[in-house]
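Input: a single structure, listed below in structure tokens.
The values are calculated or read from the model by the stated rules, or taken from the named source; none is laboratory data. Note that the structure is a prediction, hence the values are computed from the model and not measured. A quick note on method: Cβ atoms are made from the backbone with ideal geometry, for glycine too, and the neighbour counts reach across all protein chains shown. Quick note on the areas: whole protein, heavy atoms, side chains included, nothing else; ligands and nucleic acids left out. Shrake-Rupley method; radii C 1.70, N 1.55, O 1.52, S 1.80 Å.
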Amino acid sequence: MIESFSFGNIVVNGKAYTDDIKIIQGKVVPTWWRKSGHRVDIDDIRDIIDAKPNILVLGKGKLGMMKSTRPLCEFLKGKDIELIEEKTSKAIKTFNRLFKEGKNVCAGFHLSC
């Protein structure tokens with residue numbers, strides 16, 4: 001579970017991270033870098049796609065600067081993966097709720113802008 005978030009910092013299961021992260025099948029994948037910075041494309045989340053979640057939650061940053069590309073959105077739709085994009089503070093609440101409900105959910109969180 002995600003315990004807290006502030007600009008540039010997220011705490012998951014008692015461990016603090018200062019770089020963007022992914023959560024795949026309940027496990028944190030630290031230091032998530034994207035090829036195009038604030039754009040998320042298929043290759044940036046290949047490991048999430050391989051995990052075959054039903055839902056992908058993307059935390060777009062404190063100000064909502066990170067966006068998924070159109071090809072990614074279309075690809076996820078074709079794989080029947082629901083995409084939820086929200087500012088990171090709201091995305092964390094959404095992820096925690098879905099995870100508690102036992103949903104097959106993965107996530108990626110941008111921790112800054």
Worksheet entry | Linear extension gain, Leu63 paired with Asp43, 0.36 nm per residue minus alpha-carbon span | 4.8 nm
Worksheet, complete the sentence: Taking a probe of 1.4 Å and leaving out DNA, RNA and ligands, the chain shows per residue an accessible area in Å² of 55 Å²
Practice prompt. Along Cα→Cβ, 7 Å out, is where each label goes; now give me the distance between the ones at Ala16 and Lys103 in nm to one decimal.
Written response: 3.0 nm
Worksheet item: With all protein chains present, how much of the accessible area of the chain (probe radius 1.4 Å) comes from carbon and sulfur, to the nearest whole percent?
Response: 50 percent
Worksheet item: Of Lys35/Lys90; Lys52/Lys100; Lys22/Lys93; Lys35/Lys93; Lys15/Lys100; Lys60/Lys90, which pairs sit farther than 21 Å apart, going by alpha carbon to alpha carbon?
Response: Lys35/Lys90; Lys35/Lys93
Discussion item. Of all beta bridges DSSP finds with both residues in the chain, what is the antiparallel percent, to the nearest 5?
Written reply: 55 percent
Worksheet item: Just how far, in whole angstrom, is the stretch 55-110 from the stretch 8-35 if you go by their alpha carbon centroids?
Response: 14 Å
Worksheet item: What nm value, rounded to one decimal, do you get for the distance between Glu82 and Thr31 when each label is placed 7 Å out toward the C-beta?
Response: 3.4 nm
Fill in: Lys, Arg +1 and Asp, Glu -1 on Cβ, resulting dipole of the chain about Cα centre, debye, nearest 20
200 debye
Worksheet item: So what's the projected area for the chain, the Cα convex hull averaged over all directions, in nm²?
Response: 5.9 nm²
